[in-house]
């Protein structure tokens, strides 16, 4: 994937790299994907007939902290990109690891939260809140997991010399995806947790 | 390049694998197709696969028509009937018209914009393999979804629209619906991969001088269609995931007892479903917009209007979905609003129809088979479009809801429109990709048989619908006055089948002994006619420089004082197209690759895993990951001429 486009057509009509344009399209498509799940959540928000309800379960301070962790991972992602653009592969590796660590921390928080909710009696089947909450945040968690895998792969490739100074585009693409997943979380945190 | 395995040595596994890889690189043999990343070969594979599914879906249609030929028949049981009409609709939409359009995108897009391939050749191969495996997965449900040995068909039985909660476990036991949901999601991945690829190709890979408004209309329609795919597919994906969670993991999205609502499915399905209608028809509109000017020997009338109408349809298609849902009780405000948008979307469609007619007007028309199919398209699609506008009148639609009038309407658009348009494309571009002309007489016989059969099938359904015959019923009583019309429709369906036999015979005959086509058999206008037929792997020996809309036409012709075309002198023509017949030496093309296929193979594993045995899911994920890693890490390009 890394070289196919550049050799056949060194310059593109729009000036945007093919891969970057494709990534933007993919993220546009993802907007509709999460938008649909969020719409389903909002539609069913007040339709649970039995508890436990959202207000009984949410631990806003805890989720605020894990949201903060995910936001900080965007910062370290930017630093990783800036490092490879400067040609500083060592710093890039550090920031990539840092980003994936923060991502995993967020995922750990989500696993903890899911377990907690489950212990208090919320399953996919309990009520509409359980159904929509677990599926929406679960799909977001799956996206974060894929993001962590991508970041770790970039890290692995760079330790084996397969990600070089000229390959900043690869980190940039991963970064676009990562920031998008963060933004989706901000929306989910606002609409699902804070607005009640 | 290919080296034979030495006789005296025993053939080891490694030798065999090497041989397979070299075959793949050699542009010959079966492995070269399996590993191909060439857009033309992928296009051919898309075309053949979708035509195979066309025959499957057509067979299902014949079974439906046999059952309905007379009243009170028991040729098919109600259960079998449900499964067959579900698979007929699903197959024709997702396995025939969409991938057949994708076949044309693949074959033509790079040629028309003067590129050597699409932006992501391996993603393109991945898209095809995912579609191929997804289609097989969906159809295998006939045998594995129920107890086939006891004579039960296992295919899905929820209709192509899959209305929840009818698709939940309570109302549809067995695995048919599971196959349907997972299969459609897999096919969605294929469409999305293609969508991203085509948009990037069009926006980024155009030859020098090929500005957006010098692009052929077909390319414009591909762009609009691909963008619709990019934004509509995730919506249906979410709806399918929701039903999947309800069925497989006991969630409540459509469980009314827990507070779920069936309306959510309908909104999401039709929010996808109406853009989908235009995903199906816009490619055919693009094809017709290429065929008509060639055979009228005139430029397309009002090129910018046709383009902007297509774009407008793309936008407006997002605002009409609830005209599928008037009777669900949305209220008079919503119904009126969607009625008005439904009237409005007819305007850009009408603009196109008038532009096509004006293209023919005053042209020196050459009556060849592609033109027949294009004119057939305009006439049949106009009837389909007009019956569509009647759905904007809410009280009238209340009466038509779920009757054969609706069935007649959408077949008028999708068969009379899309399929006629696609056949126009087959006849038009067959010489380009095979090097041989199709037989004209047989082509016209195919056209007339299909046109007659089509009208005999679907016009009686209009009448049946207005008489009140509901759709989706396995049988109907005598004495309703429906017998004659149903028998006519059945005869019509078999006439269509006969026309397809003529078509297949024509293809085989023309491949063997058709007249040699040459580079430019139709006196074409667009760049694909400047290169040899069939095109070399690298398409253009030298990337063309484009100076105007219909560039090739202007290289061949100039105008006299009355605006009539005058052939340029041969020397000038030769000079205008100097480099298209080079030997392609030193052009770097993408290497063949197995990794797209390996990644695609993961999806059936995940599908079967979700249905039967969760342990298969990690296997599928592993295949996808292995495929993607191999894909990222292998070198992408080789020197074809080495």
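With N set to the number of residues, divide the alpha-carbon radius of gyration of the range B:277-525 by 2.2 N^0.38 Å and report two decimals.
Working: Rg = 19.8 Å, N = 249, 2.2 N^0.38 = 17.9 Å.
Working it through for the range B:277-525, the quotient is 1.11.
Over chain A, Cα pairs under 8 Å with separation of 6+ residues give a relative contact order of 31 percent. Given axes a ≥ b ≥ c from the Cα gyration tensor, I'd like to know whether the range B:158-215 is rounded (a/c under 1.5), prolate (a/b larger than b/c) or oblate. Verdict is prolate for the range B:158-215.
Could you grab the relative contact order for the range B:31-260? Cα pairs under 8 Å, six or more apart, rounded to a whole percent.
Numbers: 306 pairs, mean separation 49.5, N = 230.
That works out to 22 percent.
As a check on your grasp of the helix formula, calculate [θ] at 222 nm for chain B: sum -39500 (n - 2.57) over DSSP H runs of n ≥ 4, divide by the residue count, round to the nearest 500.
The per-residue figure over chain B is -21500 deg cm²/dmol.
Pair-distance distribution of the range B:31-260: all C-alpha pairs, bin width 5 Å, starting at 0; shares per bin in whole percent are 1, 7, 13, 16, 15, 14, 11, 9, 6, 4, 2, 1, 0.
For the protein assembly as shown, the square roots of the Cα gyration tensor eigenvalues, ordered a ≥ b ≥ c, give a/c of at least 1.5 with a/b no greater than b/c, which places it in the oblate category.
Computed from Cα atoms, the angle from the helix A:89-119 axis to the main principal axis of chain A rounds to 10 degrees.
Counting only Cα atoms, chain B measures 73, 73, 44 Å along its principal axes, largest extent leading. Rg of the Cα atoms in chain A, relative to 2.2 N^0.38 Å, amounts to 1.17. Neighbour counting of Cβ atoms within 10 Å sorts the residues A:184, B:347, fewest neighbours leading, into B:347, A:184.
Label zone (residue A:97, point 7 Å along Cα-to-C-beta; backbone nitrogen cut-off 19 Å) within the range A:135-156: A:148-156.
Using alpha carbons only, how many degrees (0 to 90, rounded to 10) separate the axis of helix A:60-86 from the longest principal axis of chain A? It works out to around 10 degrees.
The residues A:167, B:560, B:250, when put in order of fewest to most other Cβ atoms within 10 Å, stand as B:560, B:250, A:167. Residue exposure proxy: B:495, A:132, ordered by other Cβ atoms within 10 angstrom of their Cβ from fewest to most, comes out as B:495, A:132. Helix A:168-188 and the longest principal axis of the C-alpha atoms of chain A enclose an angle of approximately 20°. Considering only alpha-carbon pairs that sit under 8 angstrom and 6 or more positions apart, the relative contact order computed for chain B is 16 percent.
No value in this document is a laboratory result; all are computed from the given coordinates. Values in this document were obtained by computation on a predicted structure and should not be read as measured data. Heads up, the Cβs are rebuilt from the backbone with ideal geometry, glycines too, and the neighbour counts pull from every protein chain shown.
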